[in-house]
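Below: one structure, written as structure tokens.
The values are calculated or read from the model by the stated rules, or taken from the named source; none is laboratory data. All of these numbers come straight from a predicted model, not from anything done at the bench. Positions of Cβ are generated from backbone atoms using ideal geometry, with glycine treated the same way; all protein chains shown enter the neighbour counts. Side chains included, ligands, DNA and RNA excluded: accessible areas come from the protein's heavy atoms. Shrake-Rupley method; radii C 1.70, N 1.55, O 1.52, S 1.80 Å.
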Amino acid sequence: MIRHPGFSSEPWALRETELDIDQLAQTESLFALSNGHIGLRGNLDEGEPSGLPGTYLAGFYERSPLPYAEAAYGNPEAGESVVNVTNGKLIRLLVEDEPFDVRYGVLRSHERVLDLRAGVLRRAVRWTSPTGREITVSSTRMVSFTQRAVALVEYIVEPVDGEFPVVVQSELVANESLPVASKDPRAAAALAEPLVAEMHDANGLRAILVHSTRASELRMAAAMEHLVEGPDGVACHTEAFPDHARLEVTADLAPGKPLRILKLIAYGWSAQRSGPALRDQVSAAAAAAAHTGWDGLLRDQRAYLDHFWEHADVELDGDPELQQALRFGLFHTLQAGARGERRAIAAKGLTGPGYDGHTFWDTEMFVLPVLTYTVPHAAADALRWRLETIDLARERARTLGLRGATFPWRTIHGEECSSYWPAGTAAFHINADIASAVARYQAAADDPEFEATVGTELLVETARLWRSLGHHDSAGAFRIDGVTGPDEYSAVADNNIYTNLMAQRNLEAAAAAVQRHPERAAELGVDDEEAASWRDAAAGMLIVYDESLGVHPQSEGFTRHQRWNFDEGAADQYPLLLHFPYFDLYRKQVVKQPDLVLALQWCGDAFSAEEKARNFAYYEQMTVRDSSLSACTEAIIAAEVGHLELAYDYFAEAALMDLDDLEHNTRDGIHIASVAGTWITAVAGFGGMRDFGGRLSFRPRLPVALSHMRFRVQFRGRSLVVEVDSRHARYQLGEGEALEIVHYDEPVTVSDEQVELAIPGIRSQPPPRQPPGREPVRRRTLQTSDRS
């Protein structure tokens with residue numbers, strides 16, 4: 001995508017200088033705006049042409065039955081799908097009687113710019129109608145970070161020469177027609193007319209629509225308010241119908257006498273509030289935005305983002321394209337969770353309907369680490385949402401005959417929505433992933449109130465799950481059998497190492513939490529005996545090892561499975577899940593995405609340096625990266641074990657996942673975990689940051705192409721600034737009291753005075769092999785080719 005001639009590399013913007021209609025669906029995802037509560041896909045203002053219309057509200061969904069060929073006890077009964085809610089982005093234009101449509105007439109210029117510092121999407125068009133009338137159209141679109149219920153569009157039209165009439169139609173439209181869903185199981189289920197009209201109203205320059213869903217019984221409202229400026233004689237008329245509201249503005253325009261319309265859009269939804277209450281809520285939100293005004297909202301947006309970039313930016317020297325991609329990824333990660341405020345962060349954020357709008361375990365393991373160290377309150381809110389769903393998780397555990405809480409593998413509201421239990425219900429590691437996110441946040445944020453009211457309960461209920469799911473064998477080892485790890489090409493295995501190590505830490509963290517908070521422990525019914533059982537299980541956790549190969553099996557017996565025969569495959573057979581049955585994948589040594597290698601990242605203190613190097617080399621040759629979650633993890637461990645150029649290649653793959661549409665499904669939305677993983681790759685891969693035991697340590701090292709990197713980490717009320725070049729690392733506190741960190745196993749106290757330390761040399765070694773056809777694109781070769 002970004003190699004399209006219409007795109008350029010810029011440090012603080014994504015700019016498209018020519019419109020490619022065949023790529024509209026992809027660019028609609030790239031140019032999507034969100035604040036974690038409202039999401040607007042980057043559709044053209046006029047609505048047509050479009051690839052995939054989309055307007056979303058976090059947590060707003062419809063429920064439908066899950067089909068099964070055969071019934072079975074414990075199967076989830078209903079699925080949940082994100083709803084394309086009332087579209088408030090639409091602004092249609094007629095020049096004389098010709099609709100402005102880029103497919104007709106002559107499109108003389110077309111530019112769109114996603115401004116990562118201002119937080120707006122700008123569009124500038126010069127178009128000649130089929131009747132020869134030439135106009136310019138400029139629009140600026142924003143979803144406010146500071147007024148979470150509000151989105152805005154400034155729309156300006158002006159003739160280039162001549163005088164003629166125009167009509168602008170600003171609309172609210174519910175139940176838009178959507179294209180037929182893809183057969184790809186990663187795509188979303190299409191919902192036909194999911195919204196039931198309840199109320200509609202038009203008054204002055206304002207209109208409101210209120211709708212509800214049939215099965216989930218949720219109610220939402222959308223309001224639009226306008227400010228209209230133009231030459232004398234401008235006429236306005238507003239009307240509303242059950243699924244449609246329109247402000248129609250008529251004006252006679254001339255060069256130098258433009259028509260400007262400011263459109264304020266407000267959204268709200270609830271499972272409990274009445275239609276009139278929601279109507280009044282969005283009306284008030286629109287009024288508050290009008291009071292602040294366009295200029296005030298722009299200033300507030302810029303101030304919000306200035307603060308974010310001051311605390312979160314990563315600066316790279318040596319690769320302008322990856323610098324742009326890294327900031328693009330950080331911006332979309334912020335958009336996914338900044339103002340979610342106790343709602344799930346979906347795998348696609350609010351940029352598209354992929355995966356039906358569900359949240360998965362990658363929120364806790366890829367997105368929340370970034371938010372924890374850049375926007376801590378957003379990470380805390382996401383975990384508070386998990387706690388608010390804990391009664392559903394307890395109910396699911398009881399259904400499965402377990403204690404504690406069993407959180408869903410995929411969901412919007414909190415119920416398990418996966419109808420394929422080997423990759424859904426059996427993926428119990430989601431519970432330890434949540435506990436890991438809790439422990440990381442508590443260590444980084446130093447938030448006693450959160451720990452007492454949120455963290456302890458999540459740790460306790462997930463620890464109870466592991467104690468009831470696993471058992472001590474006759475030798476005293478604690479086993480967790482019949483579970484599925486992160487690798488979705490293996491299922492229902494015994495003693496998956498990632499699962500066991502993460503469960504071990506979950507059990508230890510829970511035991512420590514109840515010791516710190518005895519009163520809360522008593523409220524949760526935890527006694528000394530139960531806490532001791534968690535410590536015993538953690539101490540006895542079985543971590544299998546293959547002595548003959550000198551590596552850790554991904555799960556017990558994995559290294560004895562038959563190896564996948566890559567020689568018989570073809571390059572066009574990836575992803576394998578679309579060309580081979582799961583039965584065949586499950587019984588062979590082939591890995592969809594890092595599993596054991598993910599354990600090397602998040603539980604790295606459980607492995608020696610030599611074990612990490614051997615394990616990485618072994619699994620690299622069978623990991624096909626059929627998941628967008630793969631590249632960032634492989635980059636981090638490649639960097640740690642000394643394969644810096646390979647790490648650089650994987651870094652580029654993660655960073656360009658959506659900008660280059662590498663998975664061919666960017667149309668369905670941004671891969672939020674992958675773009676978040678770009679930050680993790682920079683900071684944990686090339687910055688070498690680890691947070692084992694709640695203590696920050698660094699082993700930085702850069703690939704040859706990058707001459708310098710600078711990043712900040714927010715930790716316990718401090719802002720730690722880290723700078724790295726080829727020979728030295730420099731540490732300094734931008735805010736807060738002195739902090740002790742570790743640099744290459746050496747404790748270092750950092751204050752507001754910069755500390756410079758040497759980076760040890762590295763011994764070169766041959767890179768490991770990948771499966772045929774799955775080698776990453778060589779970044780340095782590509783850069784050389786681009787420069788020639």
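Each residue in segment 598-623 was checked for being open to solvent by less than 10 Å² (accessible area, probe 1.4 Å) and in contact with a strand residue (DSSP E or B) (Cβ under 8 Å, 6 or more places away or on another chain), and 5 of them qualify. Pairs meeting the criteria (first residue in segment 87-101 and assigned to a loop (DSSP other than H, G, I, E, B), second residue among the aromatic types (Phe, Trp, Tyr), beta carbons under 8 Å, at least 6 apart or on different chains) are Gly88/Tyr267; Glu96/Phe164; Phe100/Trp127.
The single condition among (1) on the phi < 0 side of the Ramachandran plot; (2) touching a Ser or Thr at 6+ places or on another chain (Cβ under 8 Å) that Glu96 does not meet is (1). Exactly one of (1) under 31 Å from the mean Cα position of the chain (by Cα); (2) open to solvent by 10 Å² or more (accessible area, probe 1.4 Å) is unmet by Pro486. Its number? Single failed check for Pro486: (2). Hey, does segment 585-608 have a residue that's over 31 Å from the mean Cα position of the chain (by Cα), more than 20 Å from Ala427 (Cα to Cα) and outside any strand (DSSP E or B)? The answer is yes, given that some residue of segment 585-608 is over 31 Å from the mean Cα position of the chain (by Cα), more than 20 Å from Ala427 (Cα to Cα) and outside any strand (DSSP E or B).
Residue-wise test of (1) of a type in the set (Gly, Ala, Ser); (2) without any contact (Cβ under 8 Å) to a residue 40 or more places away in the chain; (3) within 15 Å of Val173 (Cα to Cα); (4) open to solvent by 40 Å² or more (accessible area, probe 1.4 Å).
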{"position": "Glu48", "(1), (2), (3), (4)": "no, no, yes, yes"}
{"position": "Arg63", "(1), (2), (3), (4)": "no, no, no, yes"}
{"position": "Leu66", "(1), (2), (3), (4)": "no, no, no, no"}
{"position": "Ala69", "(1), (2), (3), (4)": "yes, yes, no, yes"}
{"position": "Gly74", "(1), (2), (3), (4)": "yes, no, no, no"}
{"position": "Val82", "(1), (2), (3), (4)": "no, no, no, no"}
{"position": "Val85", "(1), (2), (3), (4)": "no, no, yes, no"}
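Per the conditions (1) closer than 22 Å to Ser555 by Cβ; (2) assigned to a helix (DSSP H, G or I); (3) open to solvent by less than 10 Å² (accessible area, probe 1.4 Å), the sole criterion not satisfied by Asp626 is (2). Taken as a whole, segment 714-734 holds at least one residue that is out of contact with any helix residue (DSSP H, G or I) (no Cβ under 7 Å at 6 or more places or on another chain), free of Cβ contacts under 8 Å to residues at least 40 places away in the same chain, open to solvent by less than 10 Å² (accessible area, probe 1.4 Å) and over 25 Å from Thr333 (Cα atoms).
Considering only residues of segment 135-153 that are open to solvent by 30 Å² or more (accessible area, probe 1.4 Å) and in a strand (DSSP E or B), which is nearest to Lys89 (Cα to Cα)?
Step by step, filter segment 135-153, then rank; the result is Ser138.
Of all residues in segment 661-720, those being in contact with a Phe, Trp or Tyr (Cβ under 9 Å, 6 or more places away or on another chain), under 20 Å from Arg440 (Cβ atoms) and charged (D, E, K, R) number 4. May I ask you to list the residues in segment 685-713 that are open to solvent by 10 Å² or more (accessible area, probe 1.4 Å), hydrophobic (A, V, I, L, M, F, W, C) and either part of a helix (DSSP H, G or I) or out of contact with any strand residue (DSSP E or B) (no Cβ under 7 Å at 6 or more places or on another chain) (or both)? Hits for segment 685-713 are Phe692, Val704, Ala705.
Matching residues to (1) surrounded by 22 or more Cβ atoms within 10 Å (Cβ to Cβ); (2) aliphatic (A, V, I, L, M); (3) assigned to a helix (DSSP H, G or I):
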| position | (1), (2), (3) |
| --- | --- |
| Leu392 | no, yes, yes |
| Thr406 | yes, no, no |
| Thr456 | yes, no, yes |
| Leu465 | yes, yes, yes |
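May I ask you to say which residue of Asp473, Asp494 is closer than 21 Å to Gln593 by Cβ and surrounded by fewer than 24 Cβ atoms within 10 Å (Cβ to Cβ)?
Just one listed residue meets the conditions, Asp494.
Within segment 531-558, the set of residues being part of a helix (DSSP H, G or I) and either in contact (Cβ under 8 Å) with a residue 40 or more places away in the chain or hydrophobic (A, V, I, L, M, F, W, C) (or both) comprises Ala531, Ala532, Ser533, Trp534, Asp536, Ala537, Ala538, Ala539, Phe558. A Cβ distance below 7 Å, combined with a sequence gap of six or more or placement on separate chains, defines the contacts here; from segment 629-658, residues that are within 21 Å of Ala609 (Cα to Cα) and open to solvent by 10 Å² or more (accessible area, probe 1.4 Å) reach residues that are among the polar types (S, T, N, Q) and in a loop (DSSP other than H, G, I, E, B) in the pairs Gly642/Gln765. Checked across segment 111-130, the condition of being open to solvent by 50 Å² or more (accessible area, probe 1.4 Å), modelled with pLDDT of 95 or more, more than 27 Å from Gln301 (Cα to Cα) and touching a Gly at 6+ places or on another chain (Cβ under 8 Å) holds for at least one residue. Within segment 553-577, if we keep just the residues that are open to solvent by 40 Å² or more (accessible area, probe 1.4 Å) and among the polar types (S, T, N, Q), the residue that is nearest to Arg774 (Cα to Cα) turns out to be Gln573. Cβ-Cβ contacts under 8 Å between residues 6 or more apart (or on different chains), taken from a first residue in segment 286-306 that is surrounded by 15 or more Cβ atoms within 10 Å (Cβ to Cβ) to a second residue that is among the basic types (Lys, Arg), are listed as Ala286/Arg206; Arg302/Arg117; Leu305/Arg117.
Of everything in segment 16-42, what is open to solvent by 10 Å² or more (accessible area, probe 1.4 Å), more than 17 Å from Ser109 (Cβ to Cβ) and in a helix (DSSP H, G or I)? Give them in sequence order. Once the filter is applied, which keeps residues that are open to solvent by 10 Å² or more (accessible area, probe 1.4 Å), more than 17 Å from Ser109 (Cβ to Cβ) and in a helix (DSSP H, G or I), segment 16-42 yields Asp22, Gln23, Gln26. Tell me yes or no: at least one residue of segment 60-77 is modelled with pLDDT of 95 or more, assigned to a strand (DSSP E or B), closer than 30 Å to Arg219 by Cβ and not charged (D, E, K, R). Within segment 60-77 (the criterion being modelled with pLDDT of 95 or more, assigned to a strand (DSSP E or B), closer than 30 Å to Arg219 by Cβ and not charged (D, E, K, R)), the answer is yes, since at least one residue qualifies. For segment 165-191, a tally of residues being of a type in the set (D, E, K, R), modelled with pLDDT of 60 or more and open to solvent by 30 Å² or more (accessible area, probe 1.4 Å) returns 1. Condition check: modelled with pLDDT of 95 or more and either crowded, with 19+ Cβ neighbours inside 10 Å or not hydroxyl-bearing (Ser, Thr, Tyr) (or both). Does Gly424 satisfy that? When the stated conditions are applied, Gly424 does not pass them.
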